[in-house]
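Below is one structure, written out as structure tokens; comments come after it.
Bear in mind that the values in this text are calculations on the coordinates, not laboratory data. All values reported here derive from a predicted model rather than from experimental measurement. Glycine gets a Cβ as well: all are built from the backbone with ideal geometry, and neighbour counts include every protein chain shown.
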Amino acid sequence: MAMTTEIQNDINEARDWQGKEVCCDSCPHRELLSKSQCRLRLACIEDRYARRIDRFFEWNPGLADAYLDHPYFEVRAVAAKYADVVQLPQLLNDPDETVRWSAALRLPQQYLLRLIHDSHREVRIRVASRLDLEDLILIMKDPDYYVRQLVARRMPAHLLRLMIRDQEPEVRRIVASRLDPGLLAPLTRDPDPAVRLQAVERLPPSQIIAFDCDPDWRVRHEVARRMRLDMVGAMCHDSDPMVREMARSRLDAPKAGAATTDIRRKEVER
């Protein structure tokens, strides 16, 4: 309860980024108060809370350009959302990553290329989400696995083969889900079972018989589920009960269907 009260009191306070109480009388924009274009604890450029700063610029977007060099990083980051785009390149060298990725969200593609080796992953994540598809190849070996996941999701299909050997299984799984089926062979032999399963799921039934002895039961279950019916019998003796059940259910399905057809035929004959 004490913690909650402390948080509530903190939120209800109007303090600037240095912890000082906000005073409207000393604000350079105090004339906006009478025009209902700002409001203490709601929309205030002097407040330390980003949401209140954002609301201030939402109400007064024309003032954003003047705050791109403010000493408080939250002010610079929020101002970047509203400032004239031609003013944003200066923020690419900002010392705070929040400001850099805020600028990256609005800058044209040629500026994004300057951030592909940014020191902070959050900046590179946003670059990966916006970069032109053909330029994604430039960051497919990023040191951060999540950046590479985004690349694998967006990379043009004809370039995905370049990521087959990625060190992160989740990245390879995404590659397996999008790669041309004719290029999946290396991923069907992947050391990670989830990657192998993703690859085998995309193979045609005529090719999956080769994986009926895979060490992972999930892969074998997929094989039993989709392999040719005349070859599924051997999997009724698999070491895993789930695989055996799938194989037997497939063998029993035609018999059940035939029995139902026979019953209906007899009913018609009556």
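Below, the figures for the structure above:
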{"item": "Backbone HN-Hα couplings from phi across the range 200-217 [Karplus 6.51/-1.76/1.60, Hz, Gly and Pro as x]", "result": "5, 4, 9, 7, x, x, 5, 9, 7, 4, 5, 10, 6, 10, 4, x, 9, 5"}
{"item": "Under-5 Å amide H pairs with A43, H placed in peptide plane, nonlocal only", "result": "none"}
{"item": "Calculated from backbone phi, Karplus (6.51, -1.76, 1.60) coupling profile of the range 44-50 in Hz, x at Gly/Pro", "result": "8, 6, 8, 6, 8, 8, 4"}
{"item": "Cα long-axis angle, helix 121-130 against the chain (0 to 90 degrees, to the nearest 10)", "result": "70 degrees"}
{"item": "Under Karplus coefficients 6.51, -1.76 and 1.60, residue-wise ³J(HN,Hα) of the range 145-157 in Hz, glycine/proline x", "result": "5, 5, 4, 5, 4, 4, 4, 5, 6, 9, 4, x, 3"}
{"item": "Relative contact order %, the chain, counting alpha carbon pairs below 8 Å whose residues are six or more apart", "result": "7 percent"}
{"item": "Evaluated at q = 0.12 Å⁻¹: base-10 log I(q)/I(0), Debye formula over Cα of the range 14-83", "result": "-0.25"}
{"item": "Value in Å of the Kirkwood radius, where the chain supplies the Cα pairs that are averaged", "result": "23.8 Å"}
{"item": "Cα→Cβ-extended label distance, 7 Å offset, between S34 and R130, nm", "result": "4.0 nm"}
{"item": "Global geometry of the range 204-260, whether rounded, prolate or oblate, following the gyration tensor of its Cα atoms and the 1.5 cut on a/c", "result": "oblate"}
{"item": "Ranked list, fewest to most other Cβ atoms within 10 Å of each Cβ, for F211, F56", "result": "F211, F56"}
{"item": "Distance-filtered residues of the range 118-134 - backbone nitrogen under 16 Å, label point 7 angstrom along N93 Cα→Cβ", "result": "118-119"}
{"item": "Positive-pole candidate from Q90, S36, H221, dipole of the chain, charges at beta carbon", "result": "H221"}
{"item": "Inter-probe distance in nm under a simple model that places probes 7 Å from Cα toward Cβ, at L105 and D84", "result": "2.2 nm"}
{"item": "Label zone at Q167 (point 7 Å along Cα-to-Cβ), backbone N below 19 Å, the range 96-121", "result": "117-121"}
{"item": "Amide H contacts of R15 (H built 1.01 Å from N, under 5 Å, at least 5 apart or other chain)", "result": "V22, R48"}
